[in-house]
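S.K.: Please read through the structure below; I'll follow up with questions.
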């Protein structure tokens, strides 16, 4: 099974909030689910903005340059595959597509035989080496973290309002 992702296991701020509020397991899972949704949205926006979590623009792919469109968004399968799984005290965000690691981290292959032969944008190509740059799409930056903290605050406020009503 292929997997690529991140896990939000709270860190000190979220763990502290969960403990201080004494949220029951259901409320904890609700908060983690909401945080997972925020990270999924942040990740999907990177495909629109064509940049990694660090703000660095992705190197345009050959397909995007020659056919138009966006890098990493030929069919939209990768962008659509970003999911979450809420577990005990954490939420995992990722994808199980077999090519996701190569897209995230890059890929360098050297042919053991004569060469690699494959089609690129309708024409056959023969190469002894394939080098594919990483285009990180999963990750959390400072702005993402600030949004997650704000989401926790909003969730806490809604929880307090519900308890007081």
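S.K.: Filter region 21-36 for residues that are exposed (fewer than 15 other Cβ atoms within 10 Å of the Cβ) and either outside any helix (DSSP H, G or I) or modelled with pLDDT under 60 (or both) and give the result.
M.R.: Answer for region 21-36, where residues must be exposed (fewer than 15 other Cβ atoms within 10 Å of the Cβ) and either outside any helix (DSSP H, G or I) or modelled with pLDDT under 60 (or both): 22, 24.
S.K.: Within region 37-71, which residues are surrounded by 13 or more Cβ atoms within 10 Å (Cβ to Cβ) and assigned to a strand (DSSP E or B)?
M.R.: Residue satisfying the conditions is 51 alone.
Residue-by-condition table, conditions (1) out of contact with any helix residue (DSSP H, G or I) (no Cβ under 9 Å at 6 or more places or on another chain); (2) surrounded by 12 or more Cβ atoms within 10 Å (Cβ to Cβ):
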position: 103; (1), (2): no, yes
position: 109; (1), (2): yes, yes
position: 113; (1), (2): yes, no
position: 141; (1), (2): no, yes
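S.K.: Which one of the conditions (1) out of contact with any helix residue (DSSP H, G or I) (no Cβ under 9 Å at 6 or more places or on another chain); (2) surrounded by 15 or more Cβ atoms within 10 Å (Cβ to Cβ) does residue 84 fail to meet, given that it meets all the rest?
M.R.: So residue 84 meets the others, but not (1).
The values are calculated or read from the model by the stated rules, or taken from the named source; none is laboratory data. Note that the structure is predicted; figures quoted are calculated from it, not measured. Neighbour counts are summed over all protein chains in view; Cβ atoms, including those assigned to glycine, are modelled from backbone coordinates with ideal geometry.
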